[in-house]
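Asks: One structure coming up, written as structure tokens, with questions to follow.
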Amino acid sequence: MAHEEVHEENLSHEEIRYRYHIQRGSEYMKIDLFRSARETYKEALIYKPGDPLAAEKVDLCNEYIRRDRKKVLVIVPFVLAFIACVILMNI
């Protein structure tokens, strides 16, 4: 099977914008900017409503955002307690 190359000039405006947003979302994911990635994947859904790939990526971003929120809720109290100890020791 030969690889068929699709040139952008043969694509519709919607397909070009969809691909742009999917690519941009993937770039955000690589650097752990999950909220930006999620919004970008949602924009891709404007150009291809109901697209399973974009919808799956939105769900994945939501999962990562929830995971990170849990980490913050666990770590922040420890950091605050440490800061309070340091302040009390210096008084």
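A short reminder: the numbers here are calculations on the coordinates, not readings from a lab. Because the structure is a prediction, the values reported are computed rather than measured. A quick note on method: Cβ atoms are made from the backbone with ideal geometry, for glycine too, and the neighbour counts reach across all protein chains shown.
Asks: Just going by the charge dipole of the chain, with Lys and Arg at +1 and Asp and Glu at -1 on Cβ, which of TYR64, HIS21, ILE31 is farthest out on the positive end?
Replies: My answer, from the dipole projection, is TYR64.
Asks: Express in nm, to one decimal, how much length is gained between GLU56 and LYS42 on full extension, taking 0.36 nm for each residue of separation and deducting their alpha carbon distance.
Replies: Stretched fully, the GLU56-LYS42 segment lengthens by 4.0 nm.
Asks: Which of ARG69, ARG35, ARG19 ends up with the largest GNM mean-square fluctuation for the chain, with Cα atoms connected below 10 Å?
Replies: Answer for the Gaussian network model of the chain: ARG69.
Asks: Report, to the nearest 10°, how far helix 13-30 tilts away from the longest principal axis of the Cα atoms in the chain, using its own Cα long axis and a range of 0 to 90°.
Replies: 30
Asks: Can you give the extra length, in nm with one decimal, that the chain gains between CYS85 and GLU14 once fully stretched, where that is 0.36 nm per residue apart less the Cα-Cα distance?
Replies: 19.9 nm
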